[in-house]
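Have a look at the structure below, then the notes.
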Amino acid sequence: MTAPTMVAQCTAEFVGTFLLILTVGCNVLGGNAAWAGVSIAFVLMVSIYALGGISGANFNPAVSVTLGISKSIGGPGMDWTTVGIFAGTQCAAGVLAGVCYSLLFGQSFNLAPAKGFSWYHAGLCELLYTFMLTFVVMNVAVAKKNAAEKNQYYGMAIAFTVVAGAYGAGAVSGGCFNPAVALGIDLSSAGLGFGWSLVYIAFELLGAGMAAVLFKVVRPGDFGGEKSQITELVSEFLGTYMLVLTVGLNVLGKSKAAAFSIAAGLTSMIYALGDVSGAHFNPAVTVAILASGRCPELTPAKAGIYASVQIAGGIAAALTCSLVYQGAALGLGPAGKSTWMGASVAEIVFTFVLAYVVLCVAISQTTKVSHMFGFAIGSCVTVGGFAIGGISGGSLNPAVSIGLATPSFTFSMLLKALAYSAFEIIGGAAAAGIFKVTHEDMYEEDVHFQVIYREEIADDLAQSASCFRRDSKLITAISVAFFALLGCAIRVSIELWLHHLDFGVTTSHPGPFILKDSHKCYKRSSAAGYFFQNVLGCILMAAVARHKKAMNQHLATGLSSGLCGALTTWATWMGEVAHTITNGYAFQAFVSVLCMLCVSLASYRFGHFLAGCGMEDEPKCFDEYCGLRILFSRQEKNIEMVEDGETASDSDGENGTEQLVAEHEWGLDLDEPSSWREQSEKEVFLSDAVHAAITGLALVYIVTFLGIAGGHKYYTGLLDMSMAPFGALFRWWSDPWAAQVVSTPCQWPMVPW
């Protein structure tokens, strides 16, 4: 088949560009604000599918310039002669289209930044979304891998960048992203003023140049280079940046189609970068993929780096939005009259939907989708955005939550972002759990995959254990501070929910315990006071927990970091939980206790890990992986013996020898996995005296609660004293103002009993 002639190509470019700009003018003059972005994007999409095989369907001088720059730096593209011919044809089509819609409506409209915005605000929006458009074109239609596969989604991916930009940046610059559009609008309205098209075109061409350079960064193979981890990290940063930028501009611009615009932007970037980094763009998705265990190249360390880069991209995008809107802060939290309970459920459920669809259409070989995976994933944002936008805002992404909270630079907004992030991570983890149930065929016994994957984890953990042995004091200090801070953050976050974000001097819970002869409230503790209480409790528990046979060993490290943070937080908080119950807020108290149980379990498990993994040269918590190594090598040896023609009896004999060696060196029974974790007699976590003390405190708490339920005022003092030695002591000593009684009357009703 012969290639199309230059005349055919120029005709195709003229027709496609003319239809695009005529549609722009008709939508603007027709007053169709709600659907204008979709209409313009879809005429671009149908023209790309219709004429892409003739001319490449640029329809945009910025796209042609990007191709020319890419060719100049050694990648795929077109020569500058063709770029010049195409750009001239596209600009001519744009001017003619501008004249046609002006005659059709009998009027025209001028090109200029929206009211309240200056040239650099509009220029920045034009630069960023022209970059997005041309960058997606290069990745889905020009990149060697995608061009060879002849994907069917390229037209949709390119058109959806227009949806993202039209509703995001349209309220600032008008949303041209195309020099032919800017020139056609400006010339057709020359009687109203002329010149803004020159500014717009300059920024659009700058965006085109950025796209060519970053295309080389994310796809070095197309330029004769090799892929590296930097390539993947740049990919994750760019995708998350454009996603959060679209979120922020839609929110600040009060777009009527925010959810669809954001989903379109996500869809485009997934198609552009999915084969580069996996296109997570969301820490919750990264957690879901990691927890699924079906992506061996995504190690915990790599997942952490991914999440960090994603959050950095979200923060950078949010700051950009704040710059465009001249310092405006982005909101985060329950919308309207919604409660934190409703917002938490909404975020968990619809983040689950997003992460689960990612696992199904991109990870599973059973339900994997070849061409529509990006549209399916992006549609989850459309679903969640419209469904829960009026409840929680529909963040569904820790990078979005943290990014939106950053421009306000307030502690309360940071706590909201952390709470939202926790809900979203829970949704991602839940998606991995359900995925394992629905796709159980993927988890059938696969010795080779499991062993190789676990060997990599074992190597990482072994290196970590060596660090624990070398820097035990440093690890102890870090872990103590971490769990103290975690307990403090959880506590303050739940207080925000319980008290409807009230940072006043009244109680931090819905209703304080009210004595029969008093109507006074407790003054709330400060966040610093909570943290100080936890740190002192950690130090005290470290001294109590040291076993005489494990002095200065990692058993003490594990106990002091794993137990004390949780127990101290419990002790200093039990009074407030009791106050909540007595005022009829049993559900809030239940959620509070449930959250603290989760914190306690997490800290205990980490403490157990430190205690068990640092006491020997070859930590016993790695026995499982060592056993797998031996088992795998034994099976490989069996295969080699059978290939060499040895009998089964010979192989069995060798197996017996291997098992004896394993049992002698490691104390393992390879046929009994339960023996892989050998217990040591000296690994006693708490002495009998400490067990008795904790049991006694528990009994005192129970009796105290019963007394409070009976309404007896003297149980108030008993409740506080039962927190000794690390409860009441710290409330009066480390944070003396925490128990200060103020004169403000309580606003909550009396206890019903």
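Rule-based calculations on the coordinates, nothing more; no lab input. Here the structure is a predicted model, which means the values were calculated and not measured. Neighbour counts run over all protein chains shown; Cβ positions are idealised from the backbone, glycine included.
Quick check on the exposure proxy: order K254, K115, K71 from fewest to most C-beta atoms within 10 angstrom.
The order, fewest Cβ neighbours first, is K115, K254, K71.
Can you work out the Karplus-derived ³J(HN,Hα) for every residue in segment 165-174? Use 6.51 cos²θ - 1.76 cosθ + 1.60 with θ = phi - 60°, whole Hz, and x for glycine or proline.
So the J values, rounded to whole Hz, are x, 4, 8, x, 8, x, 6, 9, 10, x.
How would you rank 369-379, 103-113, highest first, on the average number of other Cβ atoms within 10 Å across their residues?
Values: 369-379: 18.7, 103-113: 16.1.
Result, highest mean Cβ count within 10 Å first: 369-379, 103-113.
Past the 28 Å Cα-Cα mark, which pairs from K115/K416; K150/K254; K150/K227; K145/K254; K302/K416; K145/K302? Don't skip to the answer; put the middle values down first.
Details: K115/K416 32 Å; K150/K254 38 Å; K150/K227 22 Å; K145/K254 39 Å; K302/K416 26 Å; K145/K302 25 Å.
From K115/K416; K150/K254; K150/K227; K145/K254; K302/K416; K145/K302, over 28 Å: K115/K416; K150/K254; K145/K254.
List, largest first, the extents of the alpha carbons of segment 21-60 along their principal axes, each in whole Å.
34, 13, 12
State the percent of C-alpha pairs, over all pairs in segment 228-304, separated by a distance greater than 18 angstrom.
I get 44 percent for the Cα pairs in segment 228-304 exceeding 18 Å.
Could you derive backbone 3J(HN,Hα) for segment 137-144 from the dihedral phi with the Karplus parameters 6.51, -1.76 and 1.60 (θ = phi - 60°), listing whole Hz in sequence and x where the residue is Gly or Pro?
Rounded to whole hertz, the list is 4, 4, 7, 8, 10, 10, 3, 4.
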